[in-house]
Amino acid sequence: MNKAATTRIWLLHFCVILLFAVLQFVLPPYHHGVFARVLVLAVFAMGYNLLFGYAGLLSLGHAMFFAAGLYGAGLTMLHLGWGVPAGFAGGVVAGAALSLIVGLLTLRTTGVAFMIVTLMFAQVLYLTIIYSSGWTMGDQGFALAQGVRAVMLGGMRLDLTDPATRYWAALALFSIALLISLVIARSRHGRVLVAIRENEERTSMLGYNTFANKLTAVVASGTISAAAGAGYAVLFGSVGANFANVQFSILPLLWVLTGGAATTLGPVIGTLFMYYAVDIASGFTSAWLLIVGLALILLVLFFPRGILGTVRARWVGWLP
């Protein structure tokens, strides 16, 4: 890819970040809070997209990595008295360690077996959270006190319960994850992952260590997802077992498929679309799942590769 195309791609991503920064000043209070939440959840979708979209590995248990970050941050702050930076780092490390262990075991399988094994691991973590109620508060979960959700930066106290501060923190997390995703997608490793997705045997015959590359993808995906979980804990103060259940593992798959798998900006588009589709539909009727389902059917018919994936395939081929 020539230098002009590379510059255009990077400029597009910085413009997206700038757009979200500008929205901080113009969004009404309700949507301001929604966008902060969407930015964090989009990071979760980006982590999932790295594994599913680029490496072609369909996980049905990705909520375990989000939950590892969520509880890694929440429990250390609740029981050990750690501050926000240490708690967030603890959540990311917990997710990275879990993804390494899970990757080493699950990558011995392929296809449907991989899906089932990831689902089993996620269920084990979910049940561990439920039965360790003395520490995790079981299925009720817990909330982090406002007083502990603050950061000292250059002698200034930043209160993450303040809507503006929380939005900027969510945007910072989103921006870092987005740029990391772009770097990985355009790197040699990213191209090898796509080759593995298309034909693993041929990629192996060309001399690439497919197991090592897939393991790296699992760890990177799990770590990014854990960062989203840790960010959710410190920004919104809510830690609960519902973030570790099977249903929550399906959401990033829907977000990625809606926005466009193997596109760097697809996950945020899909997350934003699905969040507002559910929000608007549930405001009109109790049968909101029917409306959302019909919307998804129409989306699949007219955008078979997801919103951004179809745009790339039909009109803007240079999109990463």
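The values are calculated or read from the model by the stated rules, or taken from the named source; none is laboratory data. Only a predicted model underlies this, so the values are computations on that prediction, with no experimental measurement involved. Glycine gets a Cβ as well: all are built from the backbone with ideal geometry, and neighbour counts include every protein chain shown. Surface accessibility is based on the protein's heavy atoms, side chains included, excluding ligands, DNA and RNA. Shrake-Rupley method; radii C 1.70, N 1.55, O 1.52, S 1.80 Å.
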Criterion: open to solvent by 20 Å² or more (accessible area, probe 1.4 Å) and either touching an Asp or Glu at 6+ places or on another chain (Cβ under 8 Å) or in a helix (DSSP H, G or I) (or both) - qualifying residue of Val292, Val316, Val234, Val311: Val311
Every residue from region 275-289 that is outside any helix (DSSP H, G or I) and open to solvent by 70 Å² or more (accessible area, probe 1.4 Å): Ser286
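Residue by residue, here is whether (1) open to solvent by 40 Å² or more (accessible area, probe 1.4 Å); (2) within 25 Å of Phe243 (Cβ to Cβ); (3) not polar (S, T, N, Q) holds:
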| position | (1), (2), (3) |
| --- | --- |
| Arg149 | no, yes, yes |
| Met156 | yes, no, yes |
| Ser181 | no, yes, no |
| Val194 | yes, no, yes |
Pair list, Cβ under 7 Å, 6 or more apart: region 297-319 residue under 20 Å from Ala185 (Cα atoms), other residue hydroxyl-bearing (Ser, Thr, Tyr) and not in a loop (DSSP other than H, G, I, E, B): Gly306/Thr258; Ile307/Thr258
Sole residue being open to solvent by 20 Å² or more (accessible area, probe 1.4 Å), more than 20 Å from Val194 (Cα to Cα) and within 18 Å of the chain's Cα centre (by Cα), chosen from Phe35, Phe65: Phe35
Residue in region 180-200 that is of a type in the set (Asp, Glu) and either assigned to a loop (DSSP other than H, G, I, E, B) or in contact with a helix residue (DSSP H, G or I) (Cβ under 6 Å, 6 or more places away or on another chain) (or both) present: yes
Region 264-320, subset of a type in the set (S, T, N, Q) and modelled with pLDDT of 95 or more, residue farthest from Phe44 (Cα to Cα): Thr310
Residue in region 206-213 that is under 16 Å from the mean Cα position of the chain (by Cα) and at negative phi present: no
Search result, residues across region 132-151 that are farther than 22 Å from Pro85 by Cβ and in contact with a strand residue (DSSP E or B) (Cβ under 6 Å, 6 or more places away or on another chain): Gly141
Long-range neighbours under 7 Å by Cβ, at least six apart or interchain, first residue more than 18 Å from Gln140 (Cβ to Cβ) within region 53-80, second open to solvent by 20 Å² or more (accessible area, probe 1.4 Å) and among the charged types (D, E, K, R): Tyr54/Arg197; Ala55/Arg197; Gly56/Arg197
Close pairs (6 angstrom Cβ cut-off, 6 or more residues apart or separate chains): on the phi > 0 side of the Ramachandran plot in region 260-288, buried (at least 22 other Cβ atoms within 10 Å of the Cβ) and of a type outside the set (Ser, Thr, Tyr) anywhere: Gly260/Gly266; Gly260/Gly306; Gly260/Leu308; Gly260/Gly309; Ala262/Gly53
Verdict on Leu100 being open to solvent by 10 Å² or more (accessible area, probe 1.4 Å) and either free of Cβ contacts under 8 Å to residues at least 24 places away in the same chain or in contact with a Cys (Cβ under 6 Å, 6 or more places away or on another chain) (or both): no
Unique residue being within 14 Å of the chain's Cα centre (by Cα), surrounded by fewer than 22 Cβ atoms within 10 Å (Cβ to Cβ) and modelled with pLDDT of 95 or more when the list is Ser187, Ser225, Ser175: Ser175
Residue ID - farthest from Ser99 (Cα to Cα), chosen from residues in region 125-144 that are open to solvent by less than 60 Å² (accessible area, probe 1.4 Å) and part of a loop (DSSP other than H, G, I, E, B): Leu144
Where Tyr54 falls short, out of the listed (1) open to solvent by less than 40 Å² (accessible area, probe 1.4 Å); (2) of a type in the set (Ser, Thr, Tyr); (3) over 21 Å from the mean Cα position of the chain (by Cα): (3)
Any hit, region 105-117, residues being farther than 27 Å from Gly260 by Cα, charged (D, E, K, R) and either open to solvent by 30 Å² or more (accessible area, probe 1.4 Å) or in contact with a Phe, Trp or Tyr (Cβ under 8 Å, 6 or more places away or on another chain) (or both): yes
Single residue of Val300, Val218 found to be out of contact with any Lys or Arg (no Cβ under 7 Å at 6 or more places or on another chain), open to solvent by less than 20 Å² (accessible area, probe 1.4 Å) and part of a helix (DSSP H, G or I): Val218
